[in-house]
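Contents: one structure, followed by commentary.
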Amino acid sequence: MSRVLVGVKRVIDYAVKIRVKPDHSGVVTDGVKHSMNPFCEIAVEEAVKLKEKKFIKEVVAVSCGPTQVTETIRTALAMGCDRGIHVEVSGKDYEAMGPLQISKIFAALAKKEEASLVILGKQAIDDDCNQTGQMTAALLDWPQGTFASEVTIDGEKVKVVREIDGGLETIKISMPAVLTADLRLNTPRYATLPNIMKAKKKKIATMKPADLGVDMVSRVEVLRVDEPPTRLAGVKVETVDDLVAKLKANGTI
Amino acid sequence: MFPASRYSVQAQRCIRALKTVQAEHAPPQHYMWRRNCSSAVMPRITSHYTIFPRDKDPRWEGVEMARFADEADVVIVGGGPAGLSAAIRLKQLAKEQEKELRVCLVEKASQIGAHTLSGACLEPSALNELFPDWKERGAPLNTPVTEDLFSILTEKYRIPVPMLPGLPMNNHGNYIVRLGHFVHWLGEQAEELGVEIYPGYAAAEVLFHEDGSVKGIATNDVGIAKDGSPKDVFERGMELHAKVTLFGEGCHGHLAKQLYRQFNLRENCEPQTYAIGLKELWLIDEKKWRPGRVEHSVGWPLNRNTYGGSFLYHLNEGEPLVALGFVVGLDYTNPYLSPFREFQRWKHHPFVAKTLEGGNRIAYGARALNEGGYQCLPKVTFPGGMLIGCSPGFMNVPKIKGTHTAMKSGMLAAEAIFPKVTAEDPASETAGLHIPEYEDNLKKSWIWKELYAVRNIRPSFHNYFGLYGGMVYTGVFYWILRGKEPWTLKHAGLDSAQLKPAKECTPIEYPKPDGKLSFDLLSSVALSGTNHEGDQPPHLTLKDDSIPVANNLAIYDGPEQRFCPAGVYEYVPLETGEGMRLQINAQNCVHCKTCDIKDPSQNINWVVPEGSGGPAYNGL
C-alpha cells in the first residue's frame, strides 16, 4: 500500500465561452483561461485524503501535454501530492491526444512506479470521453471502480460505492486497481498560497511518451468542429388548445 | 493540510451546530431586517466579514485564525503594467548591481492579463526605457498606427475633425495593442528575471506594524460560505511581509481606498473623477479591415453635457480583428443613463455599423478609468509603501492613454526603492520604509510634465456648451499654448454626488438589441468569461442593507441597475408583501469598480472576492 498515481488534465475553464477556430479544425485555446479539470481536482483530493488517513505513503500527480501543464501539476502538488511527472506531448501529437494514448501512458507509468492505485477523474470537461480510466484498467488488467462517490480501503481490497443510472452500486475490488472520481466523492480543498510556495520545491520529473514505450499515433482523425446550431427563441402559448394547434401546424403531431 | 485548529473537524461541526441552535432562539437581529415603513421583511444582503466582524460572530468561535507569514524585500499588489514594470525594474537593478532581492507579486486574476482591459494605443516611451530590445524579446506590439480619424457624430451623420499633429489624440508612432497580451508578455519577462508571481491570490488586507507603517499584505481567506460562516475547506490567507509594499491595483483599488483614509493621502488634492469604459472585440469582414487604423468619436449618442466617446481600432495580428468600445464619464447627471446601452446604441450609427456588418463579436468587458489627472493626484508615498499606476491615477485623459505613465511610475518607484531596500542600514524612522524620493522623482519626470500640460482639458467640459466648449478650449489652450496657461480648472467634485433625482430627469428610450450589432447585457457578460465561487459572501458589500431601497431606488430609481456593466444589481419584487428589494448577483461581477464609484449613497464597498474569480479576458 505505498503509491498512488493521480492523473490531472489541464482543460479550458468551465466558465469561459468556447469559440471555434475560423478554420473549423478545433477550438481556440491560445491565451484562454485554463484550469484543472474539476473531476481531476476531486481525484487529487481523494488521493491526498487517503494519504492523510495513512493508507498510502506517496501521491504522484501525472499530466500529459506541453509545458503549460506543469502549472496544473503544481496545483496538484499544492493540494498535497508529493511529486509530479510531466509527460511532454506537444504540437500535433497533443492536438490528437486522446484517451487511448493517455491510458497507455498511465498503464506504463503505473507499472514503472509500482502503484497500488490509479485515481483519475471520471471524464474531462473538454471532450467528455469518460474512457481513460476504463482503458487504463483494461491495459493493466486491473479491476476498476468507476464513478466512485465513496472509497474505503479495507485491507488489500477497496470498497467503492458507484453512482450508476439505477442508483448506487457497492463493489469490492482488490488492489491494485483503477478508480475514477465522480462529483460527490469529496469537496476539493483550495490550493493555498503557502502550499503553492512549498510546491515549487517539490520535484516534477519530465519524460516523453517514447521513454515509456508508448506510440502517440492517433486512430481518430477530427474532420471538422462546428458550433452547436443556435437555439431559436421559444414561443409561449396561453392554453393547452393553443399548444395542440401549434404542434399540429408545426407538423409534430 | 487542514488548518491546525484546536478542535478536530467533527468537534468543530458539533460546536457550530450548537451555536446555530442557540442563535435560533436568539432574536433574529443580524439575519433579517425590518423596513421602518412597511411590514415587509427584507432578506439580508451583506454577510461579508468586513461589515460583520468575525471576532463577534458566534459561528467563528474556535476557528483557527492564525496565518502563515513569509518575508520578501518588496511585495507588489497587482500584476498590471505598473506592478510588473516595477518588479522588472527592481530585478534589472538587482542584476546590474549583483544584489539579491526577493520580489513577490500577487494578482487576483487566475492568470496575468485576465483582468486587464484597455483600448489600447500604447505609446512605447516607457517600454523603450524598460526594454530597449522589446522587439527582439517578442513584445506583442504588432500593429503600428497608420491612420488616425476623429469624428463628431450626430444621429445620422459624421463630422470629420482633422487630426493635426500636436493634438493630444494624435497617435503617430504608437501601437495598437491587446493590453492583456502585452501584460502577459510583461509577466513572462518578469518571471524570467526571477520575480515570484502568484496569480489567483488577491491581496485582501493591509498589514501594519506597531508604529503604523505598512508591514505588507494578507491574501484572501478561502472557504467562507455565502452566509458568512466557515466551511469545512476554510483556510486563512497568507501574510506577505515586506520592507516596502507597492500598491498597483489599477483604477479605484480597494486597498488604496483604505490607505487614503489611513494616511490622509488625499488632503491636498481633488477627489478623483472617473469614467467607465466598455469594450468588445469583433472579427469583421476582411473587406472592411484596415489594419493600423484608429478611429475616435464624440457626440452621438451622448448629449453635449455628458462626457464620453468611442474608439475603434483595427488590429493587425493575422485575422481581421477590431477592438472597439465606449467611454462614459461617471460625472453624468441622469440616473436613467445606461453606459452599456449607450455603447450598444452607438454601434448602430451608420459610420460604425458599416465596419461591423457581417462580423462576429467574440469578447466583451468593462472597467472604470481615471479622468482626474493632475488635480486629483494624491500623495503617493507613506511609511512602508507607495502607490503606482492607475491607482493614484496617471492617465493622460485627452490622449486616452495611461499605460505608458503607469509603467513609468512603476519604474520610478523601483529606482527610488532599490538603494533603500538593498542598503545595509536603511536608516528609516519607521519599520516599513518611507521613500519620499519616489514622489520627488515623479515630479521631475515626463509624467508630471505631460499631466500638467493637459490638466485643464477635462475640466473645461464643465461649461454650458459642454463638449463643444471643451473642444474649443483644447484647440486654443492646448494646441496653441501647450497648457501653459497659469490657471488650473477644477473638476465638478465627487462623481457619486452628480446624479440628479430621477423625478428631475427624463428616462432614456434605448432601442432593443438586434442580436447582430447590439446585444443584451447577459449574453455580453457571458462573453467576459466571468465567474466566482458561488458559495462565498457577496463581495459587493453594503454598509447598510436598507439604503438601496430607501435611497437609491426611492430617489434615483436604482441607477446601479443601469451603470453596472455586468448585471450584478437588480431590483426585484419582494416574495411576500409590497415593495422591491435589491438582489446582488455577485457572480457576474467583472471587477470594473463602477458601483463603488458611482453609488449616490456611497453605500457600496467593493472588496476583493476569493482569488482567481472574476473575468477571464483573453487579450482585451
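The values are calculated or read from the model by the stated rules, or taken from the named source; none is laboratory data. Just so it is clear, the model here is predicted, and its values are computed rather than measured. Quick reminder, even Gly has a Cβ in these numbers, built from the backbone with ideal geometry, and neighbours come from all protein chains shown.
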> From the residues in the stretch A:1-10 that are hydrophobic (A, V, I, L, M, F, W, C) and not in a loop (DSSP other than H, G, I, E, B), which one is farthest from the other protein chains (Cβ to nearest Cβ)?
Replying inline: A:Leu5
> Where in the stretch A:28-104 are there helices (runs of 4 or more DSSP H), lying fully within it, with 2 or more residues that are touching a Lys or Arg at 6+ places or on another chain (Cβ under 9 Å)?
Replying inline: A:38-52, A:69-79
>> Of all residues being touching a residue at least 24 places away in the same chain (Cβ under 8 Å) and not aromatic (Phe, Trp, Tyr) in the stretch B:417-427, which is farthest from B:Leu90 (Cα to Cα)? Just the residue, please.
In response: B:Pro426
>> Here are the criteria: (1) touching a Leu at 6+ places or on another chain (Cβ under 7 Å); (2) more than 14 Å from every other protein chain (Cβ to nearest Cβ); (3) among the hydrophobic types (A, V, I, L, M, F, W, C). Tell me which single one A:Val87 does not satisfy.
In response: (1)
>> Regarding the stretch B:69-84, can at least one residue be identified that is in a loop (DSSP other than H, G, I, E, B) and within 12 Å of another protein chain (Cβ to nearest Cβ)?
In response: yes
> Are any of the residues in the stretch B:227-242 away from chain A (no Cβ under 14 Å) and either assigned to a helix (DSSP H, G or I) or hydrophobic (A, V, I, L, M, F, W, C) (or both)?
Replying inline: yes
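Condition check ((1) assigned to a helix (DSSP H, G or I); (2) among the hydroxyl-bearing types (Ser, Thr, Tyr); (3) in contact with a Lys or Arg (Cβ under 9 Å, 6 or more places away or on another chain)) across all residues:
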| residue | (1), (2), (3) |
| --- | --- |
| B:Gly469 | yes, no, yes |
| B:Lys503 | yes, no, no |
| B:Tyr510 | no, yes, yes |
| B:Lys516 | no, no, no |
| B:Val525 | yes, no, no |
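Out of the stretch B:126-155, which residues are among the β-branched types (Val, Ile, Thr), under 22 Å from B:Gly318 (Cβ atoms) and in a loop (DSSP other than H, G, I, E, B)? Steps first, answer last, please.
Here is the first cut: in the stretch B:126-155, the ones among the β-branched types (Val, Ile, Thr) are B:143, B:145-146, B:152, B:154.
Imposing the further condition that a residue be under 22 Å from B:Gly318 (Cβ atoms) reduces the set to B:143, B:145-146.
Hits for the stretch B:126-155 are B:Val145, B:Thr146.
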> Consider B:Glu188 against the criteria (1) outside any strand (DSSP E or B); (2) buried (at least 17 other Cβ atoms within 10 Å of the Cβ); (3) without any contact (Cβ under 8 Å) to a residue 60 or more places away in the chain: it satisfies all of them except one. Which criterion is unmet?
Replying inline: (2)
>> Please determine whether any residue of the stretch B:55-64 is more than 21 Å from B:Leu130 (Cβ to Cβ), at pLDDT below 95 and within 14 Å of chain A (Cβ to nearest Cβ).
In response: yes
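For (1) touching an Asp or Glu at 6+ places or on another chain (Cβ under 6 Å); (2) basic (Lys, Arg); (3) within 30 Å of B:Glu196 (Cα to Cα); (4) not in a loop (DSSP other than H, G, I, E, B), each residue gets a yes or a no:
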| position | (1), (2), (3), (4) |
| --- | --- |
| A:Val161 | yes, no, no, yes |
| A:Val178 | no, no, no, yes |
| A:Asn195 | no, no, yes, yes |
| A:Arg231 | no, yes, no, no |
> Taking the stretch B:420-438, which residues are buried (at least 18 other Cβ atoms within 10 Å of the Cβ) and more than 18 Å from B:Asp211 (Cα to Cα)?
Replying inline: B:Val421, B:Tyr438
> Does A:Thr152 satisfy being without any contact (Cβ under 8 Å) to a residue 60 or more places away in the chain and either part of a loop (DSSP other than H, G, I, E, B) or over 30 Å from A:Asp93 (Cβ atoms) (or both)?
Replying inline: yes
> When the stretch A:11-70 is examined, which residues are found to be farther than 30 Å from A:Ala107 by Cα, within 13 Å of another protein chain (Cβ to nearest Cβ) and in contact (Cβ under 8 Å) with a residue 40 or more places away in the chain?
Replying inline: A:Val20, A:Lys21
> Filtering the stretch B:263-301 down to residues that are over 19 Å from the mean Cα position of the chain (by Cα) and among the polar types (S, T, N, Q), which residue is nearest to B:Lys516 (Cα to Cα)?
Replying inline: B:Ser297
> In the stretch B:340-365, which residues are closer than 15 Å to B:Pro513 by Cα and small (Gly, Ala, Ser)?
Replying inline: B:Ala353
>> When you scan the stretch A:122-140, do you find a residue that is in contact with a Pro (Cβ under 8 Å, 6 or more places away or on another chain) and in a strand (DSSP E or B), even just one?
In response: no
> Within the stretch B:152-185, how many residues turn out to be of a type in the set (A, V, I, L, M, F, W, C) and within 27 Å of B:Arg482 (Cβ to Cβ)?
Replying inline: 8
> In the stretch B:539-554, how many residues are farther than 11 Å from B:Asp599 by Cα and surrounded by fewer than 18 Cβ atoms within 10 Å (Cβ to Cβ)?
Replying inline: 5
> Of everything in the stretch B:565-620 that's surrounded by fewer than 23 Cβ atoms within 10 Å (Cβ to Cβ), in contact (Cβ under 8 Å) with a residue 12 or more places away in the chain and of a type in the set (Asp, Glu), which residue is farthest from the other protein chains (Cβ to nearest Cβ)?
Replying inline: B:Glu578
>> Anything in the stretch B:462-501 that is modelled with pLDDT of 85 or more and under 15 Å from B:Leu330 (Cα atoms)? List them, or say none.
In response: B:His491, B:Ala492, B:Gly493, B:Leu494, B:Asp495, B:Ser496, B:Ala497, B:Gln498, B:Leu499, B:Lys500
>> Can you confirm whether B:Gly216 is at positive phi, surrounded by fewer than 22 Cβ atoms within 10 Å (Cβ to Cβ) and in contact (Cβ under 8 Å) with a residue 40 or more places away in the chain?
In response: no
> Among the residues of the stretch B:191-213 satisfying the criterion of being closer than 30 Å to B:Glu64 by Cβ, more than 14 Å from every other protein chain (Cβ to nearest Cβ) and over 20 Å from the mean Cα position of the chain (by Cα), which is surrounded by the fewest Cβ atoms within 10 Å (Cβ to Cβ)?
Replying inline: B:Glu210
> Restricting the search to the stretch A:191-205, which residues are more than 9 Å from chain B (Cβ to nearest Cβ) and either among the aliphatic types (A, V, I, L, M) or buried (at least 19 other Cβ atoms within 10 Å of the Cβ) (or both)?
Replying inline: A:Ala199, A:Ile204, A:Ala205
>> Which count do you get for residues in the stretch B:425-483 that are of a type in the set (S, T, N, Q) and within 24 Å of B:Asp495 (Cβ to Cβ)?
In response: 4
>> So for the stretch B:423-436 (the condition being under 27 Å from B:Val590 (Cβ atoms) and among the aliphatic types (A, V, I, L, M)), does at least one residue qualify?
In response: no
> Among B:Gly466, B:Gly393, B:Gly389, B:Gly402, which is the only one that is in contact with a Cys (Cβ under 7 Å, 6 or more places away or on another chain) and on the phi > 0 side of the Ramachandran plot?
Replying inline: B:Gly393
> Considering only the stretch B:254-276, how many residues are touching a helix residue (DSSP H, G or I) at 6+ places or on another chain (Cβ under 9 Å) and either aromatic (Phe, Trp, Tyr) or closer than 22 Å to B:Asn618 by Cα (or both)?
Replying inline: 2
